[in-house]
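Visitor: Sharing a structure below in structure tokens format, with a few things to ask.
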Amino acid sequence: MRTEQSDSIAPEILQMPKAELHRHLELCMRPSTIRELAPQFGIDLPDDQAFLNRFVILEPMQDLGAVLNKFLDTQKLLASEEILERLAFEACEDAFKNENIHWLELRYAPTFIQQGHEHLSFEKIHQAICRGVEAAKKAYPMRVGLICILQRILPLDVTERVTNFVLEQADSFVGIDLADNEVGFDCKPFAPFFAKAKAAGLKITVHSGEANVPEAPQYVVDAIEHLGAERIGHGVQIYRSPEVMEFVRERGVTLELCPTSNWLTQAIPNLDQHPFKVLMDFGLKVTINTDDPVIFNTDLNREYQLLHEKLGLSFAQLKACSEQARASSFIRT
């Protein structure tokens, strides 16, 4: 099980101030908090194995869809404003105290949280999260930004409603994202919503190029050309296309790479073959991220350590990646 610190993490990594751009708030709930709350929602966790079976992914799953389905147990717990406020505070506190993250972007989908919790309006969800973030910012010297996720698998009228909500709350969001399974859900119909967000001053990141399918590099091109993506969530599959890598480099788009996540979703065959260094050596703007730290049994220290051990990234290169994340952050100074 994941521990707060690990003797296997190099001191240089533990001491390095970090920035993270791609972390889903809904999957940041502390294991101790999950254990406390789960019985209230009919989820019995008598021992460590039961917890792992219900809430943690330790081995590659069949596909991205199978991984997304495993998120639903955690989603059941997001049932009140008090829980959401606690979740946001603890996510920030753990990032700062355990991972030395000073710049943290947290993204969430109000539609995902609201599912099964219809008593929670988008506004109640957001204000609860904001209260937790603000409390953490007062307690710790860190900067935190929130990104709102539009779910591409939902009808466009729902997307329009979420977009209008984001625009009403634009002062407390730093950006907007499009997420969920990309295969079979073209990004182009979402272009008008992203144009409105951009006009309101919000920054744009898009989940794209994650799944290991032949069309993945073109998905990234489409996200940049049609949605105006300034950053790409994952984008790992563009290593297959030098032309697309060149396109991304020319546009100055930053990649939010998540090594452990890519392995567990079978976006890559194994961590030793992750194309992180290929993308970095090509001159692309690459950053290191956790995606869903608790369910993937990781944290940012571990992601840095993996890249150091398996791909040979030096501490100087890891520091450069963190500095790139800071430079690419949507958080206003």
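The values are calculated or read from the model by the stated rules, or taken from the named source; none is laboratory data. Nothing here was measured: the structure is a model prediction, and the numbers come from that model. FYI the Cβ positions are ideal-geometry reconstructions off the backbone, even for glycines, and counts take in every protein chain you see.
Visitor: Does segment 319-331 include one or more residues that are closer than 22 Å to residue 182 by Cβ and touching a strand residue (DSSP E or B) at 6+ places or on another chain (Cβ under 6 Å)? Reasoning before the result, please.
Guide: Our first condition is that a residue be closer than 22 Å to residue 182 by Cβ; within segment 319-331, this holds for 328, 330.
Remaining after also requiring touching a strand residue (DSSP E or B) at 6+ places or on another chain (Cβ under 6 Å): 328, 330.
Yes, segment 319-331 contains at least one residue that is closer than 22 Å to residue 182 by Cβ and touching a strand residue (DSSP E or B) at 6+ places or on another chain (Cβ under 6 Å).
Visitor: Moving on to the next point. Taking segment 23-52 on its own, how many of its residues are assigned to a loop (DSSP other than H, G, I, E, B) and in contact with a helix residue (DSSP H, G or I) (Cβ under 9 Å, 6 or more places away or on another chain)?
Guide: Step one: of segment 23-52, the residues assigned to a loop (DSSP other than H, G, I, E, B) are 28-30, 42-47.
Okay, now just the ones that are also in contact with a helix residue (DSSP H, G or I) (Cβ under 9 Å, 6 or more places away or on another chain), so 28-30, 42-45.
Qualifying residue count, segment 23-52: 7.
Visitor: OK, next. Looking at (1) touching a helix residue (DSSP H, G or I) at 6+ places or on another chain (Cβ under 9 Å); (2) modelled with pLDDT under 95; (3) surrounded by fewer than 21 Cβ atoms within 10 Å (Cβ to Cβ), which one does residue 196 not meet, given that it meets all the others?
Guide: Checking residue 196 against (1) touching a helix residue (DSSP H, G or I) at 6+ places or on another chain (Cβ under 9 Å); (2) modelled with pLDDT under 95; (3) surrounded by fewer than 21 Cβ atoms within 10 Å (Cβ to Cβ), the one that fails is (2).
Visitor: Continuing with the same structure: Checking the condition at pLDDT 95 or above and either out of contact with any strand residue (DSSP E or B) (no Cβ under 8 Å at 6 or more places or on another chain) or farther than 25 Å from residue 302 by Cα (or both), which residue from 105, 82 passes?
Guide: The conditions single out 82.
Visitor: Out of all the residues in segment 314-333, which are modelled with pLDDT of 95 or more, surrounded by fewer than 21 Cβ atoms within 10 Å (Cβ to Cβ) and not in a helix (DSSP H, G or I)?
Guide: Within segment 314-333, 314, 330, 331 qualify.
Visitor: Here is a further query. Among the numbered criteria (1) part of a helix (DSSP H, G or I); (2) modelled with pLDDT under 90; (3) within 21 Å of residue 256 (Cβ to Cβ); (4) among the aliphatic types (A, V, I, L, M), which single criterion is violated by residue 61?
Guide: Only one criterion is unmet by residue 61, namely (1).
Visitor: Within the group 143, 131, 161, which residue is among the charged types (D, E, K, R) and in contact (Cβ under 8 Å) with a residue 60 or more places away in the chain?
Guide: 143
Visitor: Could you grab me the full set of residues in segment 296-313 that are among the hydrophobic types (A, V, I, L, M, F, W, C), assigned to a loop (DSSP other than H, G, I, E, B) and crowded, with 23+ Cβ neighbours inside 10 Å?
Guide: Once the filter is applied, which keeps residues that are among the hydrophobic types (A, V, I, L, M, F, W, C), assigned to a loop (DSSP other than H, G, I, E, B) and crowded, with 23+ Cβ neighbours inside 10 Å, segment 296-313 yields only 296.
Visitor: Of the residues 158, 144, 133, which single one is surrounded by fewer than 20 Cβ atoms within 10 Å (Cβ to Cβ), touching a strand residue (DSSP E or B) at 6+ places or on another chain (Cβ under 9 Å) and aliphatic (A, V, I, L, M)?
Guide: Values: 144 fails: surrounded by fewer than 20 Cβ atoms within 10 Å (Cβ to Cβ); 133 fails: surrounded by fewer than 20 Cβ atoms within 10 Å (Cβ to Cβ).
Going through 158, 144, 133 in turn, the sole match is 158.
Visitor: Which pairs do you get when a residue that is among the aromatic types (Phe, Trp, Tyr), found in segment 205-227, comes within reach of a residue that is part of a strand (DSSP E or B) and buried (at least 24 other Cβ atoms within 10 Å of the Cβ), reach meaning Cβ atoms under 6 angstrom, with the pair 6+ apart or on two chains?
Guide: Pairs found: 219/208.
Visitor: Would you point out the residue of segment 85-102, among those that are in a helix (DSSP H, G or I) and in contact with a strand residue (DSSP E or B) (Cβ under 8 Å, 6 or more places away or on another chain), that is farthest from residue 301 (Cα to Cα)? Even if it seems obvious, please write down each step before you answer.
Guide: Looking only at segment 85-102, we keep the residues that are in a helix (DSSP H, G or I), and these are 85-99.
Those left that are additionally in contact with a strand residue (DSSP E or B) (Cβ under 8 Å, 6 or more places away or on another chain): 88, 91-92, 95-96, 99.
Working: 88: 20, 91: 15, 92: 15, 95: 10, 96: 11, 99: 6 Å.
Among those that are in a helix (DSSP H, G or I) and in contact with a strand residue (DSSP E or B) (Cβ under 8 Å, 6 or more places away or on another chain), it is 88.
Visitor: A further question on this structure: Could you count how many residues in segment 169-200 are in contact (Cβ under 8 Å) with a residue 40 or more places away in the chain and under 25 Å from residue 133 (Cβ atoms)?
Guide: 9
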